[in-house]
Structures are given as C-alpha cells and as structure tokens.
1. Scan the range 75-90 for residues that are modelled with pLDDT under 90 and outside any loop (DSSP other than H, G, I, E, B) and report the count.
2. Got a number for residues in the range 22-37 being part of a helix (DSSP H, G or I) and either in contact with a Leu (Cβ under 8 Å, 6 or more places away or on another chain) or in contact (Cβ under 8 Å) with a residue 60 or more places away in the chain (or both)?
3. Quick one: what pairs do we get from the range 1-21, first residue assigned by TED's automatic domain parsing to the domain that holds Ile55, second acidic (Asp, Glu) and not in a helix (DSSP H, G or I), C-beta under 6 Å, 6+ apart or different chains?
4. Is it the case that Ala9 is part of a helix (DSSP H, G or I) and under 23 Å from Lys91 (Cα atoms)?
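The values are calculated or read from the model by the stated rules, or taken from the named source; none is laboratory data. Just so we're clear, the structure is a prediction, and the values are computed from it rather than from any experiment. Note that each Cβ is placed from the backbone with ideal geometry, even for glycine, and that neighbours are counted across all protein chains shown.
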Amino acid sequence: MTEATNKAAAEKMNITIIEAALKEIKKIKKPYAELTESDQRSVLVELDFTIRKAIADAVVAIATDKRTAVVAGLDTVTFKDGVKATLKMGKGASVDIHNLADATGQRVLLVLLNDGKYIDGALPSTKKDQGALFDKSRAGGGKKNLRTKRSGGRK
C-alpha cells in the first residue's frame, strides 16, 4: 500500500463526513440539545449511514491500492478439484464490473475486506425528551420568585 493511497482515502473520507455533518446541521432548525429524542435519533442514523459508507469506501480504496476493483459478496466456496468461489453482485454494481468479465481466465487477487471491524459499534445515546422546566400554565408567565432570605447579613 502506498502512502498516497492512504492519504487520498483519508481525505475522501474526511470530506464525506464533513459534507454529511453539514447536511444534517443545515436541516435542523434548533440546537441539537433542544431536539426531541426522535429527531436526535434521526440525525444520528443519517450520519451513521453516511459515515459507515465513507469508512467502507476508504477501506476498499486502501485495500485495492489503485488496482481495478470490483466489490462483491462471496456467495459460495466449493472445495472440489481446487477451490471455486462464487461472487454475487447486485444489478447496480460497480462501473468496473465489465473488467471482471474481461478478466475471465486470468489471475485475480481477492482481498477479504472485513471492513466491519472498522465500522461496528452502537450509535451514541440520545437525550430523553423532558418537559418544560417551568410550568407556563400558571399565572406570572411561568417565572418563579427566586428571592431568598439573607442569613447573617445586613438589615
């Protein structure tokens, strides 16, 4: 792996995370601490999805080290007359998928990503919703009288 590949992957991941954070910041209309628990969870889920994808993309970039790569799921492995591995890709798979067909009969390099070890973990907890600090339904607009007696002071 080259230093340039690592640096490029880190920079791309950094930009993706900053863009995701900015997108969420622009969507919310009040400070995060004032959001309902449901709204906080929504922000965290959206950020979690984007950040996990950014990390997975960085792992792929570093693992492939500027080689042509096609990301796929390993569907089956059969041990008979050697080892046969079957890969599975969705219809919207990588644009380089035609390179896989072109490589038929050639040697290929399989890299087991195991990107889950970099992205596993729970979301941060959200703050439970709590009612207003003062009951605004009472007379006086919800303000409390905060005067206290002075003890041992001047009269």
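1. Qualifying residue count, the range 75-90: 2.
2. Total meeting the criteria: 3.
3. Taking only residues 6 or more apart or on different chains, the pairs are Met1/Asp65; Thr5/Asp65.
4. Taking the combined requirement at face value, the residue does not satisfy it.
For every residue, the table says whether it meets (1) loosely packed, with under 11 Cβ neighbours inside 10 Å; (2) part of a loop (DSSP other than H, G, I, E, B); (3) at pLDDT 80 or above.
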residue: Ile62; (1), (2), (3): no, no, yes
residue: Thr104; (1), (2), (3): yes, yes, yes
residue: Ala122; (1), (2), (3): yes, yes, no
residue: Thr126; (1), (2), (3): no, yes, no
residue: Arg138; (1), (2), (3): yes, yes, no
